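I have placed the structure first, in the form of structure tokens, so that the comments after it can refer back to it.
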Amino acid sequence: MKSTPKQQPNKTREKALVHARKLFAKQGFEATSMVEIARLSGIEKPSLYYFFENKECIFAEVMESVWEEASTKLNRMRDKGVKVHKSPRNYFTAILNLVLDTFLKAGMTMTKVDSLKNKGHTDFEKKYAGMFKHIGEMRLHLQEFLKSNRVKDPGLAELVIGNAIHAYVIHAQCKTPTVSPKKYAEYLSKLFIK
């Protein structure tokens, strides 16, 4: 089926987002250029500016889509519940695996989100609202699960887990020897769920 002129810009825009996502994950925000994104998308750089104001706008959309996918997967897992996973620990491992996988897909980009937030960009909260909404939902589900399984101070436990996941991702980005994400998630879940 041949695309109509109205469909073509959407395809081009989506193609740019797909390539930008790969580049941001692989080499980070700073090392990715609009020229690279345009070249891989098969368009000229000025055409890229037709769809996006700047690289940060592309980045914000990419981050939102990564976390939206993860949030959707988590909601599906939650709907199926613990029964599918046979035990609370297996369910918790699956949640941690999902979060690890999402951070690994986001790659080097999460450090950019942190630096933009710390620099106090004026429209930061607005630009990244979608991403933070999905991350907040995931964190809340994690805390609720920890609380329902009688983990003392679920807020602190969620923070510790978040830091452990962040450290794993940094090690993976540096290509230092690590265990598989699945094994890491299993070990983390054993620390919190008996």
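Values computed for the structure shown
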item: Peptides 42-51, 16-25, 181-190 ordered by average Cβ neighbours within 10 Å, highest first; result: 16-25, 181-190, 42-51
item: Projected label distance in nm at Ala167 and Glu69, using a 7 Å step from Cα toward the beta-carbon; result: 2.8
item: Extension gain, Leu140 back to Glu36 (0.36 nm per residue minus Cα-Cα distance, nm); result: 33.7 nm
item: Viscosity 0.890 mPa s, 25 °C: Kirkwood-radius Stokes-Einstein D of the range 20-85 over Cα pairs, µm²/s; result: 180
item: Phi-based couplings in Hz for the range 146-162 (Karplus 6.51, -1.76, 1.60; Gly and Pro marked x); result: 4, 5, 5, 9, 6, 7, 5, 6, x, x, 5, 4, 5, 5, 4, 4, x
item: For the range 172-188 and the range 25-89, distance of Cα centres in Å; result: 22
item: Given Lys45/Lys73; Lys15/Lys127; Lys26/Lys147; Lys147/Lys175; Lys26/Lys183, the pairs whose alpha carbons are separated by over 32 Å; result: Lys45/Lys73; Lys26/Lys147; Lys147/Lys175
item: Lys126/Leu159 FRET efficiency (R0 30 Å; Cβ-Cβ; nearest 0.05); result: 0.70
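Bear in mind that the values in this text are calculations on the coordinates, not laboratory data. These numbers were taken from a predicted model, which means no experiment stands behind them. Heads up, the Cβs are rebuilt from the backbone with ideal geometry, glycines too, and the neighbour counts pull from every protein chain shown.
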